[in-house]
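Bear in mind these aren't lab numbers, they're just calculated from the coordinates by the rules spelled out. In this text, all values refer to a predicted model and were calculated from it rather than measured experimentally. Note that each Cβ is placed from the backbone with ideal geometry, even for glycine, and that neighbours are counted across all protein chains shown.
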Amino acid sequence: MKINTDYIKAYITDFVYRLRDIRFAGQVLFVIIVLLISWSGVKAINMNYNLQKQIATAKQENLIQTLQNNNLQLQNEYYNSNQYLELQVRLNFGLAAPGEQEILVPKSVALYYAPKLNTNLTAPRKINEPTFQKDIQSWVNFFLHRS
């Protein structure tokens with residue numbers, strides 16, 4: 001495939017001769033200015049969009065950090081409360097409040113009144129399984145020929 005260079009040279013020389021006309025040169029200059037302004041506007045819009053994304057991300061991170069700080073403050077208040085101290089004393093040291101009596105129940109009596117555990121070794125039943133998960137499991141069972 002041969003490129004016709006004479007046609008390209010003629011087109012370029014015609015364009016250069018047309019630039020001698022002040023009206024044509026003004027139109028070309030106007031188009032160039034409009035393209036440059038449009039391009040800088042697009043760049044400014046893109047930069048503003050990116051900055052807005054960064055601001056939104058920073059605000060979300062700030063909110064998350066504030067919530068975590070509030071959570072830690074509430075935990076600290078709980079750890080300093082008398083209720084927490086009483087629970088820890090009961091659990092770790094086996095102490096009771098004044099006036100309380102400790103009752104020791106033999107293991108055999110405790111096990112007699114405890115509910116019987118299901119010793120069936122079948123797979124545990126899934127409680128409150130989402131519908132979509134049941135549907136997926138049904139399809140898997142169907143394709144793998146499970147009953």
Angle between the chain longest axis and helix 131-143 axis [Cα atoms, degrees, rounded to 10]: 90 degrees
About the Cα centre, and with charges only on the beta carbon of Lys, Arg (+1) and Asp, Glu (-1), how big is the dipole of the chain? Nearest 20 debye, please. 800 debye
Using only Cα atoms and rounding to the nearest 10 degrees, what angle (0 to 90) does helix 22-79 make with the longest principal axis of the chain? 10 degrees
Ordered by residue, what ³J(HN,Hα) values in Hz, to whole numbers, does region 86-93 give under the Karplus form 6.51 cos²θ - 1.76 cosθ + 1.60, where θ = phi - 60° and Gly and Pro are x? 4, 4, 5, 5, 5, 6, 7, 10
Descending semi-axes in whole angstrom, ellipsoid equivalent of region 5-116, from the Cα gyration tensor: 88, 20, 8
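Run the numbers for His145 and Asp6: contour at 0.36 nm per residue of separation, minus the present Cα-Cα distance, in nm. All intermediate terms of the calculation are to be shown ahead of the outcome.
On the way: separation 139, 0.36 × 139 = 50.04 nm, distance 7.49 nm.
Once the chain is fully extended between His145 and Asp6, it gains 42.6 nm.
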Acute angle (nearest 10 degrees) that the helix 5-18 long axis makes with the longest principal axis of the chain, alpha-carbon atoms: 80 degrees
Multiply the residue gap between Ile103 and Val31 by 0.36 nm, knock off their C-alpha separation, and tell me the result in nm, one decimal place. 16.4 nm
